[in-house]
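The block underneath contains the structure these notes are about, expressed in structure tokens.
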Amino acid sequence: MMTSQELASYFRESLCIFDLKATTKREALAEMVEAVCAEYEIKDRGLILEMLLNRESLGSTAIGKGVAFPHGRTLAVRDLSIAFARSARGVDFDSTDKKPTHAVFLIIAPPQDRDNLYLQVLGRIVDLIKDDASRERVQAASNYAELKSIIEGQGL
């Protein structure tokens, strides 16, 4: 079982956007993919975006209560990557509850990953968000240090 500290270690300050400009799902995904590609010097932006949009077409990854977990596997990345974005205004992410999405956790992994990290990370983030207090704090986080402390479970 992955610990909160282990989960937090996958977040990078450079991949956390606290003032997402996007207003639509496609724009939000594009903005986050851009950050991941810049961070890891990945050329296949279009490939990653297309994979994520295909995943969304199967059913929105916005689970309601202002949170979305776009995710997928692609050969374009070598290691598991997590990007986080917060939108105060909210993004129309086709959420199950029809409300705007304020916190987006983007998880991209290679097709094969040791220890199935991808599913462990997804599971831990879902656990974090299930807790109303944690979810509200994540949606209000304004910087990386704050987000990291919430993920690590400090000050809950």
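The values are calculated or read from the model by the stated rules, or taken from the named source; none is laboratory data. For clarity, every value in this text was computed on a predicted model and none was experimentally measured. Reconstructed Cβ throughout: ideal geometry from the backbone, glycine too, with neighbour counts over all protein chains shown.
Being assigned to a helix (DSSP H, G or I), touching a residue at least 12 places away in the same chain (Cβ under 8 Å) and among the polar types (S, T, N, Q) is the filter; apply it to the stretch 100-149 and report the residue that is nearest to Glu27 (Cα to Cα).
Gln139
Filter the stretch 23-45 down to the residues that are in contact with a helix residue (DSSP H, G or I) (Cβ under 8 Å, 6 or more places away or on another chain), among the acidic types (Asp, Glu) and part of a helix (DSSP H, G or I) and list them by number.
Those that are in contact with a helix residue (DSSP H, G or I) (Cβ under 8 Å, 6 or more places away or on another chain), among the acidic types (Asp, Glu) and part of a helix (DSSP H, G or I): Glu34, Glu39.
Pick out the one residue from Ile107, Ile129 that is of a type in the set (A, V, I, L, M) and in contact with a His (Cβ under 7 Å, 6 or more places away or on another chain).
On the way: Ile129 fails: in contact with a His (Cβ under 7 Å, 6 or more places away or on another chain).
Sole residue among the options that is of a type in the set (A, V, I, L, M) and in contact with a His (Cβ under 7 Å, 6 or more places away or on another chain): Ile107.
A quick yes/no check of all residues on (1) in contact with a helix residue (DSSP H, G or I) (Cβ under 9 Å, 6 or more places away or on another chain); (2) surrounded by 13 or more Cβ atoms within 10 Å (Cβ to Cβ):
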{"site": "Phe11", "(1), (2)": "yes, yes"}
{"site": "Lys21", "(1), (2)": "yes, no"}
{"site": "Leu47", "(1), (2)": "no, yes"}
{"site": "Leu58", "(1), (2)": "no, no"}
{"site": "Ala62", "(1), (2)": "yes, yes"}
{"site": "Gly72", "(1), (2)": "yes, yes"}
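As an exercise: evaluate Asp19 against (1) under 26 Å from Asn143 (Cα atoms); (2) at pLDDT below 95; (3) part of a loop (DSSP other than H, G, I, E, B) and give the number of the one condition it does not meet.
The number of the failed condition is (2).
If you take the residues in the stretch 83-103 that are of a type in the set (A, V, I, L, M) and surrounded by 21 or more Cβ atoms within 10 Å (Cβ to Cβ), which one is nearest to Glu13 (Cα to Cα)? Before the answer, list the steps.
Step one: of the stretch 83-103, the residues of a type in the set (A, V, I, L, M) are 83, 85, 88, 91, 103.
Restricting the remaining residues to those that are surrounded by 21 or more Cβ atoms within 10 Å (Cβ to Cβ) gives 83, 85, 91, 103.
On the way: Ala83: 9, Ala85: 11, Val91: 21, Ala103: 15 Å.
Among them, the one singled out is Ala83.
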